[in-house]
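I have placed the structure first, in the form of structure tokens, so that the comments after it can refer back to it.
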Amino acid sequence: MSKRDDIPPAYHNVAQHGVFPVASHDERARFNFLANLNKHVAMALGPGNAKAYERRVLPAFRAEHGREPKDRFEIRHAMNADPYHRFWSALKRNNMEMRQQNGRSMVIRQLGELNARARQWNEGRDTLELDPGVAVPRYQAAVDIHCMPGSYHGEVVPGDVSAGANYDCGIFVTTGGGLGALSDGGGQALVKWIARERPGWVPKRILDIGTTIGHNAVPLAVAFPDSEVIAIDTAAPSLRYGHARAQSMGVRNIRFVQANAEELGRFPDGHFDWVQTTMFLHETSGKALPRIIDESYRLLSDGGLMFHLEQPAYTDDMPLFEQFMRDWDAFNNNEPFWSAMHALDLPAVFRRAGFADADLFEAKVRAVVDTSVFPSHREEEVEDFGRAAVWHAYGAWKNSASLRMAAE
Ligand SMILES: C[S@@+](CC[C@H](N)C(=O)[O-])C[C@H]1O[C@@H](n2cnc3c(N)ncnc32)[C@H](O)[C@@H]1O
């Protein structure tokens with residue numbers, strides 16, 4: 001067990017910035033309760049699902065069907081009848097609903113003040129480009145993504161920052177602080193990965209697709225102060241909040257642009273040296289994802305990097321029970337594309353977009369641990385806080401032969 005597992009999540013570790021919502025004593029206490037409940041549900045109660053499966057559900061399945069379950073869906077149908085799994089699942093779902101309720105009510109209570117603070121950072125700056133002509137994709141508008149009322153684009157009052165503010169404060173419950181005080185552990189990990197993979201590289205322009213509030217794009221802007229980061233999203237309230245957040249943190253080389261990644265004709269071919277997403281692809285759709293990859297290929301310069309930080313795909317090596325557990329969000333947490341996306345052959349999508357097989361790679365990317373949250377952490381510790389701390393990256397260096405030739 002990692003030392004970090006011994007430290008209960010504590011909301012006072014969350015970093016404040018210019019537009020961060022202020023929590024009252026009770027709101028903080030609720031967030032602390034929910035984050036610790038979430039951790040308990042995952043780490044103490046979660047393993048009970050495997051026991052229920054091995055001791056009850058699988059033997060009953062074999063007796064009924066005379067064979068093993070053939071996929072994660074058969075396991076789900078069988079587990080959905082099991083009392084332990086139903087209890088665990090209901091607890092997890094309720095935790096998410098309570099987290100949304102606490103974040104939303106806290107934000108709505110002070111929305112006027114938050115909007116005013118965001119306006120102060122946003123007005124008169126050309127680094128926020130909103131375009132009311134950009135439609136929210138149907139796959140985003142049709143459901144409240146992970147139980148978030150109004151998804152990323154909903155507004156309580158026109159022109160507000162409510163969705164972004166709720167996302168920012170509530171993520172603490174799901175990660176327990178595991179992504180750091182600024183919830184930017186993914187971006188920090190990317191910076192570390194690139195420094196190791198391609199030391200000294202300074203990309204001219206970086207495109208972060210589906211940035212939400214820029215949690216993981218801001219660390220790139222900080223690490224590459226001479227680069228321009230363009231962070232795009234379809235959701236205006238998230239962009240308003242994200243831009244104000246970055247500005248209040250003094251980060252100026254990042255531009256927040258409202259645009260749909262399926263069609264980015266506003267940027268010419270080869271405009272970016274680095275095109276990336278973090279925790280994004282699973283929230284698109286079967287039709288949108290290949291279009292986004294096609295656009296990524298077009299927009300990348302030769303030798304440029306395409307990088308997607310995600311959870312691992314459901315390959316044949318992954319036990320079916322693990323696939324079923326990882327699929328929970330698809331069926332219980334309003335993540336409609338989650339299951340299909342993790343079963344997708346992403347490298348095949350990349351090849352169809354034009355990337356050469358030899359240029360594709362996969363990598364494990366480990367979260368950088370924020371020692372202001374986990375002071376006793378040592379680098380050599382094994383990191384496994386829930387599932388968030390180690391990601392699976394899918395990427396490609398476009399026409400990497402041109403890189404080698406340039407080096408010779
Ligand atoms: C899971 S969030 C991404 C999280 C974010 N990258 C981070 O690291 O914190 C998905 C985001 O993608 C945006 N989105 C979905 N489809 C999009 C599209 N076609 N073009 C641009 N943004 C999109 C949503 O509005 C939402 O903000």
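Data table
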quantity	calculated
Once exposed loop trypsin sites (Lys or Arg not before Pro) are cut out (DSSP; at most 10 other Cβ, 10 Å), longest piece of the chain	71-377
Overall Cα dimensions of the chain - principal axes, largest extent first, Å	63, 54, 45
For q = 0.10, 0.12, 0.16 Å⁻¹, Debye-computed log10 I/I(0) when each Cα of the stretch 253-381 counts as one equal scatterer	-0.42, -0.60, -0.97
Solvent-accessible surface ranking, highest first, for H40, H308, H153 at 1.4 angstrom	H40, H153, H308
Euclidean distance between Cα centres, the stretch 297-358 to the stretch 67-139, Å	21
Karplus-derived 3J(HN,Hα), 6.51/-1.76/1.60, for each residue of the stretch 309-320, Hz, glycine and proline x	9, 8, 8, x, 6, 7, 8, 4, 6, 8, x, 4
P(r) of the stretch 324-365 over all Cα-Cα pairs, binned every 10 Å from zero, in whole percent	25, 36, 31, 9
For W193, net neighbour charge (Lys/Arg +1, Asp/Glu -1) across residues whose Cβ lies under 12 Å away	+4
Calculated [θ] (222 nm, deg cm²/dmol) that DSSP helices of n ≥ 4 give over the chain, each run adding -39,500 (n - 2.57)	-12500 deg cm²/dmol
Solvent-free Debye scattering, log10 I(q)/I(0), computed from the Cα coordinates of the stretch 79-132 at q = 0.14, 0.18, 0.28, 0.29 Å⁻¹	-0.63, -0.74, -0.99, -1.01
Reduced Cα scattering model of the stretch 180-291, Debye log10 I(q)/I(0), q = 0.16 Å⁻¹	-0.72
Counted charge near G18, where neighbours are those whose Cβ lies closer than 15 Å (Asp, Glu -1; Lys, Arg +1)	+3
Overall Cα dimensions of the stretch 22-131, principal axis frame, Å, largest first	69, 37, 18
With every protein chain in place, the chain: carbon and sulfur % of accessible area (1.4 Å)	53
Sequence-separation-based contact order of the stretch 194-242, relative, with Cα cut under 8 Å and 6+ spacing, percent	42
Beta bridges by DSSP in the chain, antiparallel share as percent, to the nearest 5	40
Equivalent-ellipsoid semi-axes of the stretch 49-100, from the Cα gyration tensor, Å, largest first	26, 11, 7
Under 9 Å, Cβ to Cβ, from C147 - net charge with Lys/Arg +1 and Asp/Glu -1	0
Computed over the stretch 76-232, Kirkwood Rh from alpha-carbon pairs, angstrom	18.2
Nearby lysines by direct alpha-carbon distance to K287 (threshold 26 angstrom, same-chain neighbours under 8 apart not counted)	K398
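The values are calculated or read from the model by the stated rules, or taken from the named source; none is laboratory data. Nothing here was measured: the structure is a model prediction, and the numbers come from that model. Every residue, glycine among them, receives a Cβ derived from its backbone with ideal geometry; neighbour counts consider all protein chains shown. Please note that ligands, DNA and RNA were not included when accessible areas were found on the heavy atoms of the full protein model with its side chains. Shrake-Rupley method; radii C 1.70, N 1.55, O 1.52, S 1.80 Å.
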